[in-house]
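Take a look at the structure below.
Derivation of every value follows stated rules applied to the coordinates shown; laboratory data play no part. In this text the structure is predicted, and so the values were computed from the model without any measurement. Using ideal geometry, Cβ is built from the backbone for each residue, glycine included, and neighbour counts are taken over all protein chains shown.
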Amino acid sequence: MSATARSEVRVALDVYPTPAWCVHRLLEQVELPGGHWCEPCAGDGAILSAVRDVRGDVTWSAVEIRPECRAALEARGAATQVADALSCPWRLGPGPLVIVLTNPPYSLAEAFLAKALREARTVAFLLRLDFLGSERRARLLRATPPDVYVLPNRPSFVAGKTDNCEYAWLVWGQPRDRAHGRIAVLPPTERAIRRLRQPITEMSHVV
Ligand SMILES: C[S@@+](CC[C@H](N)C(=O)[O-])C[C@H]1O[C@@H](n2cnc3c(N)ncnc32)[C@H](O)[C@@H]1O
């Protein structure tokens, strides 16, 4: 595949691996139970890897639509399925899914969220803050308001560049039908940490 064609696939599928520090800030702030977690659009497993940095009590089901990601996900010990996550089961290991934790393709975020809320008691999505300000999503967000953990630094998803958007972790726990969620600003992350890249071997098939 040419570099241009790979770029088109990347853009079409919204291939933007999550920097580890974004996950670390969430896990420092929010107590999440150990057990079997799901990453339903797992890419190379950047989130799995970041969780493993700080947690030893998590096993994974991972779904990803790009077949070239299978080896990296299996190498991280995840029960892995290469499929369209919107039309396949998410629980691939034993026991119930405790948490769905992901950075979804933004264009499909609502569909992923609707399924995630059915699959697990706790759901944490990394999303642009403007996901919250939408007439189309108002009914869902009013009926099941998330807790909002704002990242005070913009993540760089591609080669040191940011996309001029603010991001937050939106977390849905129990009960879902409460009046409102909480909002907190996560601690800042040092620039030197934010500039750390994943090892090049893990990124080799990403343009
Ligand atoms: C924004 S990237 C994030 C990757 C990973 N969740 C992370 O945080 O590093 C979105 C990922 O969703 C995958 N994807 C897009 N559509 C999908 C679908 N229908 N089913 C499963 N994976 C999908 C893409 O291939 C890409 O790896």
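Here are the numbers for the structure shown:
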quantity	calculated
Residue-averaged 222 nm ellipticity for the chain, from DSSP H runs of 4+ at -39500 (n - 2.57), nearest 500	-8000 deg cm²/dmol
Cβ-based exposure ranking for 38, 165, in which fewest neighbours within 10 Å come first	165, 38
Sorted by Cβ density within 10 Å, fewest first, the residues 123, 30, 15	30, 15, 123
Karplus-derived 3J(HN,Hα), 6.51/-1.76/1.60, for each residue of region 161-169, Hz, glycine and proline x	9, 10, 9, 6, 10, 8, 10, 8, 8
Region 12-73: radius of gyration and largest Cα-Cα distance (Dmax), Å	11.8, 34
Rg/Rg_globular for region 3-203, with Rg_globular taken as 2.2 N^0.38 Å and Rg from C-alpha atoms	0.97
